[in-house]
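The values are calculated or read from the model by the stated rules, or taken from the named source; none is laboratory data. What you see is a predicted model; the values in this text were computed from it and never measured. All Cβ positions, even for glycine, are placed from backbone atoms using ideal geometry, and neighbour counts span all protein chains on display. Heavy atoms of the whole protein, side chains included, go into the accessibility calculation; ligands, DNA and RNA do not. Shrake-Rupley method; radii C 1.70, N 1.55, O 1.52, S 1.80 Å.
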Amino acid sequence: MIDEGILKEAKETIIAQKKDRAVELAEKVIGEGLDPMELMTSGFIPGINEVGDLFGRGLLFLPELVQSADVMKTVTDVINASLPSQEAAAKKGSLVIATVKGDVHDIGKCIVVSLLQANGYTVHDLGRDVDTDRIIEEAVKVDADIIGTSALLTTTMTRQKEIEEGLKRAGLRDKFKTIIGGAPVTARWAAKIGSDAYAEDAQDAVVKVKELLGN
Ligand code: B1M
């Protein structure tokens with residue numbers, strides 16, 4: 001268990017944009033053999049959520065949001081790099097994952113990708129702002145088992161529906177399982193558009209992928 005004071009300070013580093021201290025905390029937790037995902041889930045993520053909340057209420061502005069996101073992105077990279085890689089065991093299944101077209105939010109998607117890789121899945125990460133057709137084409141090209149998409153904006157969630165429709169149109173719907181996520185996305189939305197699974201967070205994504213692939 002990580003000390004409550006460390007978790008509180010981690011949250012604060014995101015809100016107050018203290019990049020050096022945020023990296024120090026991440027490295028300290030990793031160096032002490034503690035769980036960096038706990039630091040992420042109970043420290044840094046609450047911090048960026050509070051920033052989002054303040055931004056949404058007009059109490060904080062875009063330049064600050066951008067700086068907090070930069071700190072968040074940096075510590076995400078530090079933590080992701082510390083997660084065990086199980087490339088050798090990567091026979092459990094493969095995914096193509098992207099943040100949908102029109103959406104540049106990729107911090108959560110990168111956490112999902114790292115955790116899936118750490119659990120032995122092969123992930124083809126197409127990045128962010130990725131066109132629907134390209135997501136489908138890449139899935140066909142690499143013969144993926146699952147197509148996963150992340151959407152953080154209410155205006156870009158519709159791209160996840162577009163993927164379901166594109167797959168159907170191409171006669172490919174039965175070839176792939178689909179999983180969706182992102183802050184405004186819900187299980188209800190997944191059911192509505194016909195996605196095979198919804199994951200609330202990165203840990204849940206691993207659970208749902210396991211279920212989809214039966215392993
Ligand atoms: Co933006 N943004 N943003 N933003 N941003 C939100 C999403 C917003 C809710 C903030 C707010 O107003 N309260 C709001 C959306 C409102 C809406 O749609 N109703 C918003 C807005 C408005 C905008 C802009 C339009 C602002 C502007 O320019 N005026 C703009 C849009 C740009 C675009 O995409 N076209 C914009 C820009 C940005 C930054 C670039 C500054 C930055 C992103 C940087 C980056 O990602 N590289 C940013 C950030 C950081 C946020 C908030 C504050 C935090 C997002 C985040 O990283 N969360 C966000 C507020 C919020 O969500 N609370 C906000 C932490 C991350 C770990 O969580 O991404 O949810 P999350 O991922 C989780 C789960 O959702 C899940 O697992 C992850 C790990 O636990 N998950 C999956 C995610 N993907 C998954 C996929 C899966 C499974 C699970 O399977 C495939």
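So, MET72, is that one modelled with pLDDT under 95 and either of a type in the set (A, V, I, L, M, F, W, C) or touching a Phe, Trp or Tyr at 6+ places or on another chain (Cβ under 7 Å) (or both) or not? In short, no.
Condition check: more than 9 Å from the ligand (Cβ to nearest atom), surrounded by 16 or more Cβ atoms within 10 Å (Cβ to Cβ), at pLDDT 95 or above and basic (Lys, Arg). Does LYS19 satisfy that? Considered against the rule, which asks whether it is more than 9 Å from the ligand (Cβ to nearest atom), surrounded by 16 or more Cβ atoms within 10 Å (Cβ to Cβ), at pLDDT 95 or above and basic (Lys, Arg), LYS19 comes out as yes.
Considering segment 103-137, the residues that are hydrophobic (A, V, I, L, M, F, W, C), more than 10 Å from the ligand (Cβ to nearest atom) and outside any strand (DSSP E or B) include one that is modelled with the lowest pLDDT, namely ALA118.
The condition (being among the hydroxyl-bearing types (Ser, Thr, Tyr) and closer than 20 Å to ALA118 by Cα) is satisfied by just one residue among THR41, THR13: THR41. Number of residues in segment 138-164 that are in a helix (DSSP H, G or I), acidic (Asp, Glu) and under 25 Å from GLY214 (Cα atoms): the value is 2. Where helices (runs of 4 or more DSSP H) fall wholly inside segment 4-94, the ranges with 2 or more residues that are farther than 21 Å from HIS105 by Cα and aliphatic (A, V, I, L, M) are 4-15, 19-31. Of everything in segment 166-189 that's more than 10 Å from the ligand (Cβ to nearest atom) and closer than 19 Å to ASP103 by Cα, which residue is nearest to the chain's Cα centre (by Cα)? Here the answer is THR186. Looking only at residues of segment 123-136 that are open to solvent by less than 40 Å² (accessible area, probe 1.4 Å) and in contact with a Leu (Cβ under 8 Å, 6 or more places away or on another chain), we find that the one that is farthest from ALA183 (Cα to Cα) is ILE136.
The condition (being surrounded by fewer than 22 Cβ atoms within 10 Å (Cβ to Cβ), among the hydrophobic types (A, V, I, L, M, F, W, C) and at negative phi) is satisfied by just one residue among ALA197, ALA151, ALA139, ALA205: ALA197. Within segment 37-50, if we keep just the residues that are in contact with a helix residue (DSSP H, G or I) (Cβ under 7 Å, 6 or more places away or on another chain) and open to solvent by 20 Å² or more (accessible area, probe 1.4 Å), the residue that is farthest from the ligand (Cβ to nearest atom) turns out to be SER42.
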